[in-house]
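*Asks:* I am attaching a structure below and will ask some questions about it afterwards.
FYI, it's all coordinate maths here, none of it is from the lab. Given the structure is predicted, the values throughout are model-derived calculations rather than measurements. Ideal geometry is used to build each Cβ from the backbone, glycine not excepted, and the neighbour counts take in all protein chains shown.
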Amino acid sequence: AADVGDDLVEVLFTEAQIQTRIAEMAAEISRDYEGKDLVLVGVLRGAVMVMADLSRALDKHVEMDWMAVSSYGSGTKSSGVVRILKDLDADISGRHVLIVDEIIDTGLTLSWLTSNLGSRGPASVEIATLLRKPEALQMPVKAKYVGWDIPNEFVVGYGLDYRETYRNLRDIGTLSPSVYS
Ligand SMILES: O=P(O)(O)OC[C@H]1O[C@H](OP(=O)(O)OP(=O)(O)O)[C@H](O)[C@@H]1O
Ligand SMILES: Oc1ncnc2cn[nH]c12
Ligand SMILES: [Mg+2]
């Protein structure tokens with residue numbers, strides 16, 4: 001609804017641009033995993049939109065699973081240790097795993113998750129993320145599929161929230177400062 005979008009001071013990516021980029025990523029992923037048993041692991045909650053669109057743009061059958069990990073408030077010094085709030089249901093040993101998320105910021109979530117899933121005997125673990133903030137990275141994270149690298153600004157929409165709001169915005173953009181006050 002227009003009123004929800006009015007809080008965006010700058011649209012970085014429109015719904016159409018996002019869908020085009022997702023299709024490009026899906027084509028690459030479909031090629032790379034042709035003939036392979038692939039499990040998509042979505043990171044709740046932000047990855048819901050990417051998972052819905054990316055999975056349906058793939059030219060192959062996939063299994064989908066979800067994890068929820070403890071998010072640390074920006075106010076706390078994150079030790080890099082992350083708690084599992086909801087673990088996988090799938091057994092990923094011997095299988096190809098693609099972690100799906102909407103953004104890599106400090107890299108702490110996906111750095112920890114990659115090693116945690118890697119310890120379960122998968123055939124491979126890779127990352128697909130729509131956004132990445134290279135300037136904010138605090139841990140090395142190898143992401144095989146990245147939609148866009150963006151500046152170190154707070155963005156919302158398409159799964160990205162500010163205090164649990166704005167996830168359902170169809171575009172991705174930056175919030176007007178008035179929202180923070
Ligand atoms: O690279 P990082 O600094 O770890 O930040 C990126 C993570 O933070 C956000 O999730 P959050 O933990 O806020 O939970 P949410 O997905 O439910 O919003 C986002 O969805 C990523 O998963
Ligand atoms: O820019 C951003 N917007 C919303 N959530 C997060 C998490 N990390 N970075 C973010
Ligand atoms: Mg998240």
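*Asks:* Which value, in debye to the nearest 20, gives the size of the charge dipole of the chain about its Cα centre, when Lys and Arg are +1 and Asp and Glu are -1 at the Cβ?
*Replies:* Dipole of the chain, to the nearest 20 debye: 560 debye.
*Asks:* Same structure again: Excluding same-chain pairs closer than 8 in sequence, count the lysine pairs in the chain whose Cα atoms lie under 22 Å apart. Could the numbers behind the result be given before it?
*Replies:* Values: LYS36/LYS60; LYS36/LYS142; LYS36/LYS144; LYS60/LYS144; LYS77/LYS133; LYS133/LYS142; LYS133/LYS144.
So the count works out to 7.
*Asks:* May I ask you to compute the full-extension gain from GLN138 to ILE84, defined as 0.36 nm times their residue separation minus their alpha-carbon distance, rounded to one decimal in nm?
*Replies:* 17.4 nm
*Asks:* What is the extension gain from ARG45 to SER119, computed as 0.36 nm multiplied by their sequence separation minus the C-alpha to C-alpha distance, in nm to one decimal? Mind showing how you got there, number by number?
*Replies:* Working: separation 74, 0.36 × 74 = 26.64 nm, distance 2.32 nm.
Value of the extension gain: 24.3 nm.
*Asks:* Here is a further query. Please report Rg (one decimal) and Dmax (integer) in Å for the Cα set of segment 83-181.
*Replies:* Answer for segment 83-181, Rg first and Dmax second: 15.1, 50 Å.
*Asks:* What is the calculated FRET efficiency for TYR162 to THR20, with r their C-beta to C-beta distance and R₀ = 22 Å, to the nearest 0.05?
*Replies:* 0.30
*Asks:* Going by amide H atoms built from the backbone, whose H comes under 5 Å of the H on ILE99, apart from near neighbours?
*Replies:* VAL41, GLU126, ILE127, ALA128
*Asks:* Taking the alpha-carbon set of segment 9-136, what are its Rg and Dmax in Å?
*Replies:* 14.9, 46
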